[in-house]
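Below is one structure; the comments refer to it alone.
The values are calculated or read from the model by the stated rules, or taken from the named source; none is laboratory data. Keep in mind that what you see is a predicted model, and the values were worked out from it rather than measured. Backbone-built Cβ (ideal geometry, glycine too); neighbour counts: all protein chains shown. Calculation scope for accessible area: heavy atoms of the full protein, side chains included, ligands and nucleic acids excluded. Shrake-Rupley method; radii C 1.70, N 1.55, O 1.52, S 1.80 Å.
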Amino acid sequence: MKKVLGAIMLTAMAVAIPAAAAHAEDLISVGFAQVGHESDWRTASTKSCQDVFSEENGYDLSFVDCDNDEAAQKEAVRSFIEQDVDYIIIDPIIATGWDTVLTECDEAGIPVIVIDRTIDDSDKYAAWVGSNFKTEGLAAGEWLKAYADKMGIEELNVLTISGSTGSSAQIGRSDGFNEVAEKYGWNLIDEQTGDFTEAGGQEVMENYCKSYEGQFNVVVCQNDNEAFGAMTAMDNAGVTYGPGNDVILISYDACTAGLEDVKAGKITADFECNPLAAPFVEEVINKLAAGEEVEKEVYMVEHWYALEDQIVEFEVDGAAQEMTVVTDEVIEAQY
Ligand code: GYE
């Protein structure tokens, strides 16, 4: 048995050595036009891609941080076409305006894989891997309904700090939550963008605290970083938030620091968006390379998080939703 194991290990090493010493021309070249570096979610997404598309794994990755600049993102894609990379990955900053540049990729014969946010005005890409943002918004809304009922809170006065305007993440989360709000007749006081950043969240919340003092009992932040900023602003204004306090604070992403704030009783519920798309993108690339059919849409699996007392039963589109209680182990296991 020992001998057999040794032989297997040797074979594995024999395969591994040439790959590790591979020349650039043996590597699969991938260009990745990333949105920017605005959030913890984004950091996890970038790391996931850099880990999977490493030289060790046989890739030559050209990574461009587009700093939330749509024009820079199109330029990055065009530079990948010039470099004649094998595959292009795009996380589109906004959902529209893509058909021309995707046509150029198509004409150059370079397959495009879209991750995370969607492209809504062109289908000239091989596959998309990401999340259902509308489902996230619906889940946050239906959770709020069930939780408010449990707590006997009859009137909901909601302030939203939205994500980058025109991104599919913002559009989906707003559409989903607002649909539920309209269904139950909640008062949607205001919705302003915090651009998915902590500084943006803080600025918007500072204005809200001044303009709507004493008039709101729900704050919805469309990502954790905005929630971090909003909490600073509420602390400074003397507004309390989290279970049992003045304001029900809802967030999206459920990154490690977000879950820590759920555990600490600050964020009331956090709706996950899973940033680890890269392994699924690699599967798509492998299939394309083998000439196999690929699925046009691949959805990430996500969870809804709260502390025990905030766990309630609710449905989205007729399907019962499970919630996860945030514990140290859960936080530890999160990206
Ligand atoms: O929620 C936010 C990030 O596109 C889903 O972008 C992503 C969003 C995420 O900046 O934190």
Fraction of beta bridges assigned by DSSP in the chain that are antiparallel (%, nearest 5)
10 percent
Heavy atoms only, probe 1.4 Å: what % of the accessible area of the chain goes to carbon and sulfur, would you let me know?
49 percent
Connecting C-alpha atoms closer than 10 Å in a GNM of the chain, tell me which of ASN245, ASN132, ASN217 has the biggest fluctuation.
ASN245
Output the Kirkwood hydrodynamic radius of the stretch 150-270, Cα pairs only, in Å rounded to one decimal.
14.0 Å
SER54 paired with ALA72, simple spin-label distance in nm, labels 7 Å along Cα-to-beta-carbon:
2.7 nm
Using the beta-carbon distance between HIS37 and LYS210 and R0 = 35 Å, what value does 1/(1 + (r/R0)^6) give for FRET efficiency, to the nearest 0.05?
0.75
Charges only on Cβ, +1 for Lys and Arg, -1 for Asp and Glu: so what's the dipole of the chain about the Cα centre, in debye to the nearest 20?
600 debye
Long-range HN-HN contacts of TYR59 with modeled amide H, under 5 Å:
ILE28, SER54
Cα centroid separation, the stretch 244-304 to the stretch 196-243 (Å)
23 Å
From largest accessible area down, sort TYR241, TYR208; use a 1.4 Å probe on the protein chains.
TYR241, TYR208
What do the square roots of 5 times the Cα gyration tensor eigenvalues come to for the stretch 55-196, in whole Å, largest first, as semi-axes of the equivalent ellipsoid?
38, 14, 13
Output the antiparallel fraction of DSSP beta bridges having both residues in the stretch 219-335, as a percent to the nearest 5.
30 percent
Local electrostatic count at ILE267 - Lys and Arg +1, Asp and Glu -1, tallied over other residues with Cβ under 10 Å
-2
Would you mind getting the accessible area per residue of the stretch 56-196, heavy atoms of the protein chains only, 1.4 Å probe, in Å²?
40 Å²
Comparing TYR305, TYR125, TYR252, which has the greatest mean-square fluctuation in the GNM of the chain with Cα pairs linked when under 10 Å apart?
TYR125
Taking a probe of 1.4 Å, how large is the accessible area per residue of the stretch 204-299, in Å²?
39 Å²
At 7 Å along the Cα-to-beta-carbon direction for both LYS287 and GLU25, put a label point, then send me their distance in nm to one decimal.
3.2 nm
Which helices of the chain meet both criteria: a Cα extent of 15 Å or more along the helical axis and a mean Kyte-Doolittle score no lower than 0.5, with helices taken as whole DSSP H segments?
2-20, 278-289
Taking only the alpha-carbon atoms of the stretch 135-212, what semi-axes of the equivalent ellipsoid follow from 5 times the gyration tensor eigenvalues under a square root, in whole Å, largest first?
22, 16, 10
With the cut-off at 1.5 for a/c, could you classify the stretch 187-335 from its C-alpha gyration tensor as rounded, prolate or oblate?
prolate
For the residue pair ASN236 and ASP123, what label-to-label distance in nm results when each label sits 7 Å from Cα along the Cα-to-beta-carbon direction?
4.8 nm
Which lysines does LYS183 reach when only Cα atoms under 26 Å apart count, and residues fewer than 8 places away in its own chain are ignored?
LYS134, LYS145, LYS150
